[in-house]
1. So what J values fall out for segment 195-211 if you push phi through Karplus, 6.51 cos²θ - 1.76 cosθ + 1.60 with θ = phi - 60°, rounded to Hz, Gly and Pro as x?
2. What size of dipole, in debye to the nearest 20, comes out for segment 24-170 about its Cα centre when the only charges are +1 on Lys and Arg C-beta atoms and -1 on Asp and Glu C-beta atoms?
3. Could you please state, rounded to a whole Å, how far the C-alpha centre of segment 1-76 is from the C-alpha centre of segment 78-136?
4. Please give the charge dipole size of the chain, origin at the Cα centre, charges +1 on K and R Cβ atoms and -1 on D and E Cβ atoms. Round to the nearest 20 debye.
5. Rank by packing, highest mean first: peptides 63-72, 126-135, with packing defined as the count of other Cβ atoms within 10 Å averaged across residues.
6. What cysteines in the chain have no other cysteine with a beta carbon less than 4.7 Å from their beta carbon?
7. Given an 8 Å cut-off on Cα distances and at least 6 residues of separation, report the relative contact order of the chain as a percent.
8. Any idea what the relative contact order of segment 195-304 is, in percent, if you count C-alpha pairs under 8 Å spaced at least 6 apart?
Amino acid sequence: MGKSAKRNGRIEKVGSLVFEIFSDPEFLLIFTEYGYYFYPIVFVLGASFGSFYFNLAYRILVYHYSPMRKEFSGLARWKQILLSPSECENCSEKISGLRLIPIFGYFLSRGKCPHCGYQIPIIYPLGEISFGFLAILILELSGNPLVSLVFVLFTGHLLISVYTDAKYFSLDYENLIWIFFLGCILNLLINQKIPELNDVFVFFGFLGFFLAIYLFYPKGIGFGDVLFAPIFAFLAGHPWWLLFLNASYIPAVVFTVLLKKKGASIRETPIPMGVYFCLGLFCTMIAKLVFLKFGWEIGSDVDG
Ligand SMILES: [Zn+2]
């Protein structure tokens, strides 16, 4: 009891020290002035996290949703997901040596498994490259490597929700905790302040709205959406929830119309709203950083 309290105290101390360092304008001057010196390493780190999260999302689908989920449970399942070596999706042959390196590994094996010839989906190298550029973009916008790191982790967890919702129309509550936690840290770093009462109102507004839809049209949305939408709107905050809502619903409508099968009615096409909520929140967070970078303000009440 005393030991863990002492340890928690130490974690808190380290946490506030890290926060202090990474919000010190003099320290951050290095990155706002000379950020491009760090581009190569930031790209490699971003791509590595991208590789980790694409792999994690894939494994969560396999070990939590597919028939394979019955093979492991509890801690053994997470051990399998997080610690088992990388292998071919098709023949389970272990991937070793240089082929493990993000992006480079794909080109080294010419996009194919050397064992069974399985075509490795192009989404992997493309995803890794995107994460690398995302890390650079966020460093450039925020001038803060800690914001860049947290943003990349945050995006990784959004990616997991996109995967599970797109494939199984299911949103993972365990993952929502990660999104909430990382989103709060991100907001703290960006705004330098804790959420305000307005943000809490946004949360309850969305909760009431989606709960009502769920109760009256249970077929329209899943219960996952009832929880995800208010928490995402809370992370967007006031008045950014307006952008979040539009950046979720406009692509949802556009893509549903474009992707719908010929002859199928829109009303009967199931829409993975979680995918679009993730997209909306991602765009909103980027927009926050863009506004901050250029010193723009929205509305007169933003700064209170
Ligand atoms: Zn293979």
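1. These are the phi-based 3J(HN,Hα) values: x, 9, 4, 4, 5, 5, 4, 4, 4, 5, x, 5, 4, x, 4, 6, 5 Hz.
2. Values: 10 positive and 10 negative charges, 167 e Å.
Dipole of segment 24-170, to the nearest 20 debye: 800 debye.
3. Taking the Cα centre of each part, segment 1-76 and segment 78-136 sit 20 Å apart.
4. On the way: 23 positive and 21 negative charges, 251 e Å.
Charge dipole of the chain: 1200 debye, to the nearest 20.
5. Those peptides, ordered most packed to least, come out 126-135, 63-72.
6. Result for the chain is CYS184, CYS278, CYS283, no neighbouring Cys Cβ within the cutoff.
7. Working: 318 pairs, mean separation 52.1, N = 304.
So the answer I get is 17 percent.
8. Numbers: 93 pairs, mean separation 29.1, N = 110.
It comes to 26 percent, rounded to a whole number.
Bear in mind these aren't lab numbers, they're just calculated from the coordinates by the rules spelled out. Bear in mind the structure is a predicted one, so any value in this text is a computation, not a measurement. Positions of Cβ are backbone-derived with ideal geometry, glycine not excepted, and every protein chain shown enters the neighbour counts.
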